[in-house]
Amino acid sequence: METIDIHSHFLPEPWPDLATRFGSPDWPWLKRLDHDRGMLMLGEREYRPVYSACWDISKRLEEMDRDGVHHQIMCVTPLLFAYQRTSSEAEDCARLFNDVALEMCAQSNGRISALAQVPLQDIDASCREIERAIAQGHLGVQIGNHVADRDLDDEGLITFLQHCASIDAPVLVHPWDMLGRERMDRYMMQWLVAMPAETQLSILYLILSGAFERLPESLRICFAHGGGSFVFLLGRVDNAWRQRDIVREQCPSVPSSYVSRFSVDSAVFDEAALRLLIDVMGEDRVMFGTDYPFPLGEQKMGALVRSAKSISHDEKSKILGLNLSLIHISEPTRRTPISYAVFCLK
Ligand code: CO
């Protein structure tokens, strides 16, 4: 089955020296430990152990072949969004990493493509950069699920989403800058608890604020990690919408009716969870995603979907690739695939 991974990450090598470039500390950087291993650093702090698949395209292709992945869409780690910096620094940072992403894609014989990043604290600059990036060969854009206290129902962020729809750029929403940090500094609780909550929060803001009523149906927007806690708790939200006017006052239709407006990736690591995801979202709106090559990603890419006994052959082929089948991935001469990924078919 055609297998396209829509959620993977890269780190460039060589890494631009951001602290020197911007004259301020605490930028992310890559500390190489040996040929195969490195440590993603945040200033002087160790952030995450990483290995060469992050920066070495031949290693990445080798592991894609090992696991039967035909095409991969990669984006930066959200650590590089720089939404908390000045907008000119974030725009400069976005351009740097967007350009290097395409250089890496160009080494992949058409098998890897990229999503751009934008300086989301500045909507005009974000619209500029996504247009530039798409023209250069990016498939779409990855955004963080919020900018400080501005969530996806913020007027500026809605304007950006409308712009993406108008230029037909798919959007992948990735959780980052997790809430409750002071209470979740042990056992990776920020990743285990706050990250799925962040994604659920973003989807609910789009639904309950009525934002989906104002966004065009042509917007193709996908949420990472199976939409976080959203699917499992959707019944609770529907019940609250029916029982409390403060929940439904800006949302004219029952919340579960809005699942047709977005899609999610399949990175849930459990067959029963994946079954529920397909049942709630519909088989056309779940797409294979791994979070490769980070430690919390699927270690054998595709194993969950392929081995799931409760998922039919047709469902598997849709999730693994058909839902994204408009990407032309078979032309080896093309530097990057043709620029329309279908993040939401309907
Ligand atoms: Co990720």
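Report, by residue number, each residue of the stretch 249-279 that is surrounded by 13 or more Cβ atoms within 10 Å (Cβ to Cβ) and either without any contact (Cβ under 8 Å) to a residue 24 or more places away in the chain or among the polar types (S, T, N, Q) (or both). Correct list: 250, 253, 254, 256, 257, 260, 263, 266. Among the residues of the stretch 265-277, not a single one is closer than 17 Å to residue 143 by Cβ, in contact with a helix residue (DSSP H, G or I) (Cβ under 9 Å, 6 or more places away or on another chain), within 16 Å of the ligand (Cβ to nearest atom) and aromatic (Phe, Trp, Tyr). Within the stretch 248-258, is there a residue that is aliphatic (A, V, I, L, M) and within 16 Å of the ligand (Cβ to nearest atom)? There is no residue in the stretch 248-258 that is aliphatic (A, V, I, L, M) and within 16 Å of the ligand (Cβ to nearest atom). For first residues located in the stretch 13-34 and within 14 Å of residue 90 (Cα to Cα), partners that are of a type in the set (Ser, Thr, Tyr) and in a loop (DSSP other than H, G, I, E, B) and lie 6+ apart or on another chain with Cβ distances below 9 Å form the pairs 18/24; 22/86; 28/77.
Does residue 79 fit the bill of being touching a Lys or Arg at 6+ places or on another chain (Cβ under 9 Å), within 16 Å of the ligand (Cβ to nearest atom) and in a helix (DSSP H, G or I)?
In short, yes.
On inspection, residue 314 does not qualify as away from the ligand (no atom under 16 Å from the Cβ), closer than 23 Å to residue 173 by Cα, modelled with pLDDT of 95 or more and surrounded by fewer than 19 Cβ atoms within 10 Å (Cβ to Cβ).
Results for (1) out of contact with any strand residue (DSSP E or B) (no Cβ under 8 Å at 6 or more places or on another chain); (2) of a type outside the set (Gly, Ala, Ser); (3) within 23 Å of residue 76 (Cα to Cα); (4) free of Cβ contacts under 8 Å to residues at least 12 places away in the same chain, shown as yes or no for each residue.
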position: 153; (1), (2), (3), (4): yes, yes, no, no
position: 180; (1), (2), (3), (4): yes, no, no, no
position: 187; (1), (2), (3), (4): yes, yes, no, yes
position: 195; (1), (2), (3), (4): yes, yes, yes, no
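Are any residues in the stretch 1-29 part of a loop (DSSP other than H, G, I, E, B) and within 16 Å of the ligand (Cβ to nearest atom), and if so, which ones? Of everything in the stretch 1-29, just one residue is part of a loop (DSSP other than H, G, I, E, B) and within 16 Å of the ligand (Cβ to nearest atom), namely 11.
The values are calculated or read from the model by the stated rules, or taken from the named source; none is laboratory data. Because the structure is a prediction, the values reported are computed rather than measured. Note: ideal-geometry Cβ built from the backbone for every residue, glycine included; neighbour counts use all protein chains shown.
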